[in-house]
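The values are calculated or read from the model by the stated rules, or taken from the named source; none is laboratory data. Not measured: the values here are computed from a predicted model. Virtual Cβ from ideal backbone geometry, glycine too; neighbours counted across all protein chains shown. Quick note on the areas: whole protein, heavy atoms, side chains included, nothing else; ligands and nucleic acids left out. Shrake-Rupley method; radii C 1.70, N 1.55, O 1.52, S 1.80 Å.
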Amino acid sequence: MRRKNRRNIKNRKSESMNLLSGIGAGILVLAATVCVALAVFIMLDYNIPTTRNTVSLDNIQPAFIHVPQTPETLQPEILTIVEPTTVFFDDIPSYADFYILPDTPDDIMMIVYDSPAPITVPEPTPSPTPEPQQHRLSARIANMDAFSVLPFYIAENAVFYAEFYAARPDLDIETVVWKVNVSLHIPFYEGIQINDDANPLLISPFFRLPSGFSPSGMIPVNSDTCHLRATPQTVAAFHSLRASAQQAGFNLSITSAYRSAARQHELWVNGGRRDGRIARTYHSEHQTGRALDLWGPGGLLDFNGSSPTGIWVANNAHYHGFIVRYRAETTHITGYIHEPWHITYVGMNISMYMHNNNILSLEEFVGRNPWVTLN
């Protein structure tokens, strides 16, 4: 009885094993069938083999072909690479790369390299050559002729003219040129130059006297005992101006004339080193011996506002070779506040030229007449 039970158990185990083996074999067959079907589906759908065809790339010229998912017109585009693969043309495999178009990701691009079949590809439309970017220096002018025809054009300043003209569209060409000629294209007290003429005309925040400069031949302004001194031409012009003022009913005197470098430095330091109010050492016209500070009936001429005397001086100084050097209208040019008391001798030729041409600053005159010197 026991032997029979053992035989039945053994038979049942064998049947179970056979059943499992059959199920496993079925699963394997099913899986293989699915893989084959999937491979066939892929090949049928895309007409692309699953293995890469080996092709030599030496001396191969690429042809660009645009293949939309619904093929219509072939057009080349800018591409993004996906992966290399192999494609068929007329059942002949060809080496190719797949790309996705950036603007239409549903489209596909193939770059085909060694296709034996002739492929007609439209020539890519060349992109228009971009206009070369104009340099900012030439943004507002066609050429430098607009500058060079001016009589006060200085060839060495050509680049500065163009830069300043591009930076200041509010200025005309003439203004640009004369301002650059006297350094008004840069901030005050930058790019300082030394005016080493024997009788320097322009002294400003940009043009200074050479160290140790001292005008020669100066004489007292009034009498031999007067401590105020100036150049002989300045003294003679002041006597003429004062006489004319007396005839008009005004009394003029002076409170300051020539200053040494030491005296100017003392005033600059004690005055708080205030640019625009007190000149720096070697940047003061008083050191040339041609600048005078006028004294009116109530003190420093027009210090507290316009007076009949100050108005008369402003309207008549040029007839005697003087200019009112620092006007309210020219502060942005001269760098100094309005000083109606400060007159500078420049000679009759220059003072009358400035008056007749409505030139209010010595900077503009020199900028338009860069080769003029004082006699």
- What is the gain in length, in nm to one decimal, between ASP172 and SER223 on full extension, counting 0.36 nm per residue of separation less the C-alpha to C-alpha distance? 13.4 nm
- Item | Extension gain from ASN199 to LEU267, taking 0.36 nm per residue of separation minus the Cα-Cα distance | 22.1 nm
- Task: Give the shape of the range 136-277 as rounded, prolate or oblate, defined through the alpha-carbon gyration tensor: a ≥ b ≥ c are the square roots of its eigenvalues, a/c under 1.5 means rounded, and otherwise the shape is prolate if a/b is larger than b/c and oblate if not.
- Result: prolate
- Query: If each of GLU190 and HIS332 carries a label point 7 Å out from its Cα toward its Cβ, how far apart are those two points in nm?
  - Reply: 1.7
- Note on the structure: In the range 151-240 the accessible area split gives carbon plus sulfur, as whole percent at 1.4 Å, a share of 53
- Keeping all protein chains in place, calculate the accessible area per residue for the range 148-258 (probe 1.4 angstrom), answer in Å². 48
- Query: Once you put a point 7 Å from the Cα of HIS355 and another 7 Å from the Cα of LEU150, both along the Cβ direction, what distance in nm separates them?
  - Reply: 2.7
- Hull volume in cubic angstrom per residue (convex hull over the Cα atoms of the range 144-203): 100
- Three-way shape call for the range 224-375 based on the alpha-carbon gyration tensor, with the a/c threshold at 1.5: rounded
- Of every hundred units of 1.4 Å-probe accessible area on the range 241-375, the number belonging to carbon and sulfur atoms, as a percent, is 49
- Tell me which residues come under 5 Å, amide H to amide H, from SER253 once H is placed; ignore anything under 5 positions away on its chain. TRP295
- Query: When the chain is fully extended, how far beyond the present Cα-Cα distance does MET348 get from GLN247, taking 0.36 nm per residue of separation?
  - Reply: 34.3 nm
